[in-house]
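Report on one structure; see the data block that follows.
Computed from the coordinates by the stated procedures, all read-outs in this text should not be read as laboratory data. Not measured: the values here are computed from a predicted model. Please note: Cβ atoms are built from the backbone with ideal geometry, for glycine as well, and neighbour counts cover all protein chains shown.
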């Protein structure tokens, strides 16, 4: 069943078309990949889907249209994301980082918090920390963490609100091979928790290894979609992106 | 003049990425130096501690005086660049704002100390521009205004041509775009920036000198011309000389037009102060324009990762308040006279500083409107208690609620603009409030001031007034202490609550906060509301402490001074506000240092200014931040953490 449906998504920056009429679907419980050369419009597509960039076209999640919602409402509707640069909240501990994302405060909550601070959602936080196997880092500050755990914490923060779908923007950037393996294992667990994934990354091994379906973007257009083995053999994809048959693609 | 000052701002911004809040103040100093030189033949030097003045020539002509002052101004520009802003090139925006506020405080105190004769300035200001007027379409226009406008156009053309056609101008543009790149091509970005500073400062000085006969010369008022100048520079996008010129002239003409209109329109209600519309309305227009042009969330890549002062986690909500209560009680019972007053002033200042910790420390929104908000609460208390006879606990509570509402209003621009631009917008908000509300006779009693009735609870006098040694009354001290202790606990609670975590998330990165499901607008407005409530309480306490309020009680400059102090102390933590309170002018530190005659305040402003600059450069984490780090490091050494540093 289709979870995320993107129809005719188009983003223009001052005359330049960054994303050009993209149609894309992510089925429920799936790990979908989005790849493409630098400047293909992958991050812009994520920004547009999550509401950070104004875009023409339609985005719906589980049949619910999201087009008019601002980013935080889309997040609350079950569409979570991470950032390429992670953007963990530096002055908050790992646990607090997650608590921010799990909380759904009403605006009047701010009035009472000066007198009786609300404790915050500890159950969801514990669950997400354990799902990503970073529970022992709960009290650390993000700046104290090595690169690998930081990436896992960023994903934990994205899934702590139990979204239907999480969009991951280059989660393996800067990770070594062992860390990437840990990441891949963590990603494979997400569908069992009821969370579908749209994964953007440069690491072909990771993308082709964990994804059920892969979309390829080039110069703002979708040039191929399908299972990894089909996409890997696609002529257009090879010319546009891979240049040559992938060397590392058979790993993982 | 607005246009010319705006040009200088654009020039320094383009050269070194700094919005110089002290630009008009330095211009005012140069103008004072010029008129003093014309009159006495002595040049007044800008460094406290060096000899005051050096004789230059017996009777300088206009030309020699102008040239001398141009050289002086250029030298000031270069010194400012080298000592202050060059070391801050890579500092966070707030650090640079604080440094330029420090410079503003220093320059203003300097002008007061060196030129102010009791009862106003003493020298004649004669115009060097042609006099007379012409009639154009039934409107009388003075020739000198035309000449001034012409000079501004000429200066713009010169700057534009300089940047556009010369190798040097190209080099400055290149250096501003990429310092490293410019270095690689063999340019010296440093020297170029210094040159820009020299030109900008000379230009600012010239503008104030020429316009003084029309606009007058006053250390405080002239410095505050920075607000319209900033507005002009902002409307010009901080980049275009011509756009800045147009905006500057436009603001000037709008003000003139409004003042004519206000004189003729009888239907305007009486409460609007004379000149208030003229001074206030253009800022409202600018605020609206700036807000309109902003965006709800920063776009990808546009948000440079700001480094903030640490906001240490809060483990206990009662330890710090308990400490404050104990120390405060001890102090109130043992101190007397000056020291007790100093302690009380410190505690009131600490309450005001808490409002900066909430809005600027926790949420990263630079607000320079806090004293204006405090003023609204102060005057409201006086009005409600005196005019309507509402008794003690209720009048101030209503006033604080009112302040909270005003705070939300002041926070609206923050929904779409941020950083330096927001600082300027809140400054414009504060100026507007000052001009339209505080100068209104109906609301504040105008220049005559308004008196605040003593707070009485169940027949118990909690006021400050008493004769002789009993002043300041200990009962009032305890009223302030109880309030401060309560607010400290509230601030700590906010920091460790869901709301506080959301605020810090917004401060760290608005986009990431929104992605985490936080409504950034709600977070910002709630912070502005809370912070305004704190400021409001501070304003009420200040009203009770002063017992008389006037327009002078809540001036924009105090917002600047307090913000800067909190930054030095540590803006990310509640303890920072307490430290800042101790350091405040008139506070405990002043009392301990002893009063050195009636100029102490000015000297302290000057020293504070220097301290701000030094600490912005050398201790960007603030006093509390540095302590926290030191403790943290010690803990790291002793405890074996499972996770290594990155």
So for the pair residue B:259, residue A:235, with labels modelled 7 Å out along Cα→Cβ, what separation do we get in nm? 7.8
Calculate the translational D of region A:106-252 in whole µm² s⁻¹ from Stokes-Einstein, where the hydrodynamic radius comes from the Kirkwood formula applied to all Cα pairs, the temperature is 20 °C and the viscosity 1.002 mPa s. 123
To make sure I understand, if each residue's beta carbon is the centre and we count other beta carbons within 10 Å, what order do A:90, A:68 fall in, fewest to most? A:68, A:90
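Using the beta-carbon distance between residue A:56 and residue A:1 and R0 = 22 Å, what value does 1/(1 + (r/R0)^6) give for FRET efficiency, to the nearest 0.05?
Numbers: r = 26 Å, r/R0 = 1.18.
The pair residue A:56/residue A:1 has a calculated efficiency of 0.25.
What does the extension gain come out to for residue B:548 and residue B:145, with contour length at 0.36 nm per residue minus their alpha carbon separation? Could the numbers behind the result be given before it?
Numbers: separation 403, 0.36 × 403 = 145.08 nm, distance 4.02 nm.
Taking 0.36 nm per residue and subtracting the Cα distance, the gain is 141.1 nm.
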Compute the distance in nm between two label points, each set 7 Å from the Cα along the Cα-to-Cβ direction, one at residue A:107 and one at residue A:219. 4.6
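Any idea what diffusion coefficient region B:452-551 gets from Stokes-Einstein, in µm²/s, Kirkwood Rh on alpha carbon pairs, 37 °C, 0.692 mPa s? Each step should come with its number before you reach the end.
Values: Rh = 16.0 Å.
Rounded, D is 205 µm²/s.
Evaluate E = 1/(1 + (r/R0)^6) for residue B:465 and residue A:115, where r is the Cβ-Cβ distance and R0 equals 22 Å; express this FRET efficiency to the nearest 0.05. Numbers along the way, then the final one.
Numbers: r = 32 Å, r/R0 = 1.47.
Calculated transfer efficiency: 0.10.
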Fewest to most neighbouring Cβ within 10 Å: what's the order for B:196, B:451? B:451, B:196
Rounded to 5, percent antiparallel among DSSP beta bridges of chain A: 55
In whole Å, what is the distance between the alpha-carbon centres of region A:153-191 and region B:508-570? 39
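Can you give the convex hull volume per residue for the Cα atoms of chain A, as a whole number of Å³?
Details: hull volume 33.3 nm³, N = 252.
Output value, Cα hull per residue: 132 Å³.
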Residues B:335, B:32, B:165 in order from fewest to most other beta-carbon atoms within 10 Å are B:165, B:335, B:32
At q = 0.15, 0.21 Å⁻¹, what log₁₀ I(q)/I(0) does region B:355-469 have when each alpha carbon counts as one equal point scatterer in the Debye sum? -0.74, -1.11
For region A:105-185, what ratio Rg/Rh do Cα atoms give with a Kirkwood hydrodynamic radius? 1.06
Cα-Cα pairs in region B:329-550 separated by more than 32 Å, as a whole percent of all pairs, come to 22
Give me the distance between the Cα centres of region A:1-69 and region B:421-494, rounded to whole Å. 53
Note on region B:301-414: alpha-carbon gyration tensor, axes a ≥ b ≥ c; rule is a/c under 1.5 for rounded, else prolate if a/b larger than b/c, else oblate; result oblate
Which distance in nm do the two modelled labels at residue A:192 and residue B:633 give, with both placed 7 Å along the Cα-to-Cβ direction? 4.6
Report, to the nearest 10°, how far helix A:177-189 tilts away from the longest principal axis of the Cα atoms in chain A, using its own Cα long axis and a range of 0 to 90°. 80
